[in-house]
Each structure stands twice: as structure tokens, then as C-alpha cells.
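Step one of this worksheet: look at the structure below.
The values are calculated or read from the model by the stated rules, or taken from the named source; none is laboratory data. Bear in mind the structure is a predicted one, so any value in this text is a computation, not a measurement. Neighbour counts run over all protein chains shown; Cβ positions are idealised from the backbone, glycine included. All accessible areas refer to the heavy atoms of the entire protein, side chains included, with ligands and DNA or RNA removed. Shrake-Rupley method; radii C 1.70, N 1.55, O 1.52, S 1.80 Å.
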Amino acid sequence: METLYGVTGTIFNNIFFTESFIANAAQLKRIRVEISRQNSNLTKIKEKMANEAKVVGATAIMNFKYGQRAHKRWDLVFSFKWDTESWYGEGDAIKI
């Protein structure tokens with residue numbers, strides 16, 4: 001764990017991830033990603049989120065949340081999903 005901007009978090013691909021709110025940060029974009037394989041991992045989620053954050057010029061992602069969600073029944077019927085669950089990640093891309 002690292003402490004930056006007065007909060008703790010981790011750094012991945014030069015983007016600081018924290019579950020906390022950072023005061024005085026300029027919010028650039030709300031990022032939401034999903035990987036429709038339950039056997040994926042947090043590293044893949046952070047990789048996708050860090051790439052999106054860099055595109056908008058962000059230096060950090062605050063209010064970071066992640067986990068697994070079950071697909072809704074109609075998602076399984078009407079679309080191709082690898083598994084019955086997906087990894088997700090979301091947070092606010094910010095510039096400090």
C-alpha cells in the first residue's frame with residue numbers, strides 16, 4: 001500500500017488506485033469496465049481502467065470498487081458470455 005494525496009491505495013501502470021475520496025481533485029470521467037470471465041483477476045480490471053484513465057489524462061482513480069457480479073438471466077440467453085459471472089471495476093478518473 002502507498003499513501004498519496006492523503007489516502008492509501010496502490011499504483012498500477014503509473015495510475016494511483018484508491019477506494020477513498022480525494023478532496024480538490026478534478027474529476028475527468030467515470031470509468032466502468034467488465035470482463036465476462038469469472039476466472040479473470042483484479043490485475044486485468046486495473047489494466048483496463050488504467051488505460052482508460054491515461055487516455056483522458058488522469059493520474060489517479062478514486063472511489064475504486066471492484067468484484068464479481070452474476071450475469072442476469074437474459075444476458076446469458078441473448079448474448080455470448082464465457083461464464084455465469086463477470087469481474088467489474090469502477091471509479092472516478094481524476095487529475096491532481
Next item on the list: Pick out the one residue from SER36, SER86, SER79, SER40 that is in contact with a His (Cβ under 7 Å, 6 or more places away or on another chain) and modelled with pLDDT under 90.
Entry: SER86
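Conditions tested, residue by residue: (1) outside any loop (DSSP other than H, G, I, E, B); (2) in contact (Cβ under 8 Å) with a residue 40 or more places away in the chain; (3) out of contact with any His (no Cβ under 7 Å at 6 or more places or on another chain).
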residue	(1), (2), (3)
ILE11	yes, no, yes
GLU19	no, yes, yes
MET49	yes, yes, yes
ALA58	no, yes, yes
ASN63	yes, yes, yes
Next item on the list: Residues being modelled with pLDDT of 95 or more and open to solvent by 70 Å² or more (accessible area, probe 1.4 Å): count how many of those fall in region 14-33.
Entry: 8
Margin query: Of the conditions (1) of a type outside the set (A, V, I, L, M, F, W, C); (2) modelled with pLDDT under 95; (3) open to solvent by 80 Å² or more (accessible area, probe 1.4 Å); (4) in a strand (DSSP E or B), THR3 satisfies every one except a single condition; which number is it?
Written below: (2)
